Amino acid sequence: MKKFSLHFFLLFILSALNANSQSVISGKINDENNKALSGATVVISKDSSASILAYGISDANGNFRVKANSLTDSLYLKISFIGYKTWTDKIQNQNQNFEIQLSPSSEELKEVLVESKILEQRGDTLSFSVAAFKGKEDRVIADVLKKMPGIEIKPGGQIYYQGKPIQKYYIEGLDLLEGRYNLANENLAADDVSKVEILENHQPIKLLDSLEFSERASLNIKLKNNITTSGTAEVGVGTAPLLWKSKITPMLFTKKRQAIVTYQSNNTGSDVSREIRDFSFENLGDLNIGKTNWLSIQQLSEPPFSQERWLDNNVHLGSVNFLQRLKKDVDFKVNLSYLNDVQQQRGRSKTSFFTPTDTINLTENIRNDLFVNTLQSKFTFEKNTKKNYLKNQLELNGFWDSQRGIVNRPDAEIDQKLSNPFKAVRNKLRFLKTLGKQLITFRSNTGYTESNQQLGIIPSQFPELLNDGEDYNQLDQYLNTSHFFSDNSAGLTKALGKFTFAPKIGFSIENEQLNSSLVKNGNTRVLDGDFENRLDFFSSEIYLQNTVRFKSKDEIWNLRLSTPVSFKTFKLEDENFTEDRKLERIVFEPNFYLDKKISAFWEGSISGGFNYNFGNIQQLYYAYILTNYRNLQRYNAPISERENQNYSTSISYRNPIKQLFLSGSYSFNRSKNNLLYSNQIGEDGNIVLQAIERENFTNSNNFNVNGSKYFSHLHATLKINTQYSFITREQLLNGNYTEVKNKTLSLNANLDAEIFSWLSTAYDATFSFYETSFENEQFQQVETTKHTLGLFFFLTDNQYLNAEAEYYGNSLSEANGSNYFMNLGYQYSLKKPKIDLNISWNNILNTAEFITAYGNEFSYVESRYELRPSQVVASVKFSF
């Protein structure tokens, strides 16, 4: 019945896309010499005075194509171009094609007023004028992007357009940073940028531009000058206690060479590591070399506000990013970064674990010291022409991290020490070349990772399980892992009319090894087989995949259907057990994506797929591993198998004329699992996790609605976002079978406005709701609220005062559930030379503690953070 309802829903959505009466008006626009006019504006309305039904822009060849939805018998067509007479005509409401010739305007222009356009559209490219959105207080391009409708910057720095993350961040058409675009976003001066372009349906590989449709958007920064040499240098000092910050970031942008180099250091709570976060899309679906933290000390989760409030740090970051264009469409890139950071965490948490029969409470006072040492590098060679594509990327990464902490509980003081080094190397190659009338492709992804982790706990934990109920002094978890993988494929792509066929064949292998030992009292003797792993896990896959793409001639319909078939083998060996675990499967994992451009403003899509997920080594070990001081877990069960169904639909509206952007989406995911997870929660809050063989299901429903509007006469941008999810899963809690239900709702509104020439404001409000229940039993709900108001007073052209007030509240805390903050800043600017003198006073109220609450699968956590004291910092910033 559920499947029938879902199929009916998808059919309804697809039918709705065709519900409107639609006419397609197309043609070509020439000048008086029959030369194509690019950029002519085409407008369709019901009559000469009615509002606009649809509009378009002629392309480089003078061609245009506009879809109009109207029930009237006739339409009004208007075509205009600067320096030419406007062409108008009353036409029939039906599909038709025009050949239009514009005549030069003979009127004498006595006075011309040129007003820059806020937002322009040419084909699939939207151009935002930076000058139109930039406020007097904005310094870097990230400040301006936040105000542009349709564009959103997440707290971590990732950029979204129409509710989806961008796939590429270009500067003058060049991808210098390979996904780590925060470095440019947070440092490139807004005054150096003329436009921000959104490249809709962008295909980064030129050779595939007419063959493979892309539903993703990319962002391109257009600079004012062909050669831009700029940068910033900043130094600051402060009190409470002695504070400092320093930063120098020189930048160079030319047609053939780009570079961004930075060195940053501070102890003011600013997390500069966010500038080197990787948001690359090219790694999606690939075997990767991401760092896996098997072991950890007990930490406080990050609070939902600026890190300058709570992060007690001493950080140094150096990064070198260089791109050299060797010849046309051939680039060589180097991206290097080194991060050294020392952080302190101070606070306490109260955790309530809910089971079908009881509620268990745990209180922890936490003091942690975290040490981060990270070296990351990428070396990229890329050739991107209309006939050939070659990209080879070598990555070398090293992490030398360690942590130590103390947890005070009513019954004990627990000392924790963690050593967590990790190293990785990977080489990725992608090659495409035309051969006759078809395209041949080859991909290779090979890598190796290694980790050697050690967690020490004092005093004893889990005495019933580890020491016959008797206390002991010390527990050490040793763990070594290695992972080798190689995925290689070859195929061809051929276009046949409106269809494109892309079959490929490939194979992949993975070999993972895990050695772990649990030791008591510092002895060399390891606990018995239930606490020692000696695993060797080998998996292989041979796959055959055919992808069919359809693109209608008018580009209204785009369809992608992929039908991969693969043969997978898994073999798990453990020295402590004579019986090996093996699995062989032939799987069929189809997926599809259908997109329709309903009109000039509306676009809709539906997608669906079916895939299998088999357990990795993190879900396969027999013997117990102490993942942190109160979590002991193992998976003494068969190899996990998960069957996943996923369906989604989305619709978006964007009207550049009215600067209005709307989008909405719904997704449904259902997974069938062969393993059911059992959590045994002790009275002291310690958890033992195991897996048992039992079929179970997880269902997830997700809704998302985004809207943004720019009000040009008010110089204001309003953004609204709503998210809702409902998840049900089956679990065993303290031996009782139950269905756990989680509901999450989040509402966010943001307003940036220039109220007067001397006053602008930024307001942000967020409300979130979380609820957990077991079947018909509902537990306490968590509601959190956030309000932030910033006011900028422009005293003169070169000085401003900013005041900021923040409120955070939650419904779970019995006391001090409300938190208030105030900040004040003053800046004086010199134009020649470009110098900003700034003084800031943060946490004026000297709020010493912050309280927040959140929920997860079967628990609620109330966290209290010790905050940075009230502090004053004075800085000088140079622009060059």
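The values are calculated or read from the model by the stated rules, or taken from the named source; none is laboratory data. These numbers were taken from a predicted model, which means no experiment stands behind them. Here the Cβ is made from the backbone with ideal geometry for all residues, glycine too, and neighbour counts use every protein chain on show. The accessibility values were calculated without ligands, DNA or RNA, using every heavy atom of the protein model including side chains. Shrake-Rupley method; radii C 1.70, N 1.55, O 1.52, S 1.80 Å.
For the listed peptides 299-311, 693-705, a ranking on the average number of other beta carbons within 10 Å per residue, highest first, reads 299-311, 693-705. Length, then width, then depth: along the principal axes, the Cα atoms of the range 260-366 run 69, 37, 24 Å. Looking at the chain, I'd like the Rg to Rh ratio, where Rg is from alpha-carbon atoms and Rh is Kirkwood's inverse mean 1/r. Result: Rg/Rh = 0.97.
Rg/Rh, computed from the Cα trace of the range 652-723 with Rh as the Kirkwood radius, has the value 1.36.
How large a share of the accessible area of the range 490-621, in percent, is made up of carbon and sulfur atoms when the probe is 1.4 Å and the other protein chains stay in place? Carbon and sulfur atoms account for 54 percent of the accessible area of the range 490-621. Extending 7 Å from Cα along the Cβ direction at ILE509 and again at ALA805 yields two label points whose distance is 6.7 nm. Counting only protein chain heavy atoms and rolling a 1.4 Å probe, the accessible areas of MET148, MET822 rank, largest first, as MET822, MET148.
A simple spin-label model places the labels of ASN226 and ASN798 3.3 nm from each other, with each point 7 Å out along Cα-to-Cβ. Beyond 31 Å in Cα-Cα separation lie the following of the pairs LYS391/LYS658; LYS134/LYS256; LYS28/LYS391: LYS391/LYS658; LYS28/LYS391.
Note on GLU178: accessible area is roughly 10 Å² with a 1.4 Å probe, heavy atoms of protein only.
Take the alpha-carbon positions of the range 104-253, form their convex hull, and give its projected area averaged over all directions (one quarter of the hull surface) in nm². Don't skip to the end; give the middle numbers.
On the way: hull surface 54.2 nm².
Answer in nm², one decimal: 13.5.
D for the range 165-288, whole µm²/s, Stokes-Einstein with Kirkwood Rh over alpha-carbon pairs at 25 °C and 0.890 mPa s: what number? It comes out at roughly 149 µm²/s. In the structure displayed, which of LYS222/LYS327; LYS168/LYS386; LYS147/LYS877; LYS85/LYS168; LYS78/LYS195 lie more than 30 Å apart, Cα to Cα? Flagged as over cut-off: LYS85/LYS168.
Protein-only accessible surface at a 1.4 angstrom probe places the residues HIS715, HIS483 in the order HIS715, HIS483, largest first. Structural size metrics of the range 677-758, computed from C-alpha coordinates, are Rg and Dmax of 22.6, 68 Å.
Counting only protein heavy atoms and a probe of 1.4 Å, the accessible surface of the range 677-718 is 56% carbon and sulfur. Here the Debye sum runs over all C-alpha atoms of the range 726-807 as equal scatterers in vacuum, and log10 of I(q)/I(0) at q = 0.19 Å⁻¹ comes out as -0.85. The smallest convex shape that holds all Cα atoms of the range 557-673, its convex hull, gives 149 Å³ per residue.
Over the range 411-518, what portion of Cα pair distances is larger than 20 Å, expressed as a whole percent? Roughly 64 percent, rounded to a whole number. If I fit a long axis through the Cα atoms of helix 2-16 and take the longest principal axis of the Cα atoms of the chain, what angle between them do I get, 0 to 90°, rounded to 10? Tilt relative to the chain: about 20 degrees.
As an exercise, use a Förster radius of 45 Å and the Cβ-Cβ distance of ASP312 and LEU252 to find the FRET efficiency, rounded to the nearest 0.05. Efficiency computed from Cβ-Cβ geometry: 0.80.
Other residues lying with their Cβ under 11 Å from the Cβ of THR500 contribute a combined charge of +4, Lys and Arg counting +1, Asp and Glu -1. To the nearest Å, what is the center-to-center distance of the range 820-880 and the range 457-535, using C-alpha atoms only? When both Cα centres are located, 40 Å separates them. Each 10 Å bin from zero up to the one holding the largest Cα-Cα distance in the range 793-876 carries the following percent of pairs: 15, 33, 23, 17, 9, 2. Counting only residues at least eight positions apart within a chain, or on another chain, the aspartates and glutamates with an alpha carbon under 19 Å from that of LYS437 are ASP209, GLU212.
The count of lysine pairs in the range 438-589 that are at least 8 places apart or cross chains, and whose C-alpha atoms lie under 22 Å apart, stands at 9.
Quick check: convex hull of the Cα atoms in the range 496-560, volume per residue, rounded to a whole Å³?
134
Convex hull volume of the Cα atoms of the range 190-229, normalised per residue: 85 Å³.
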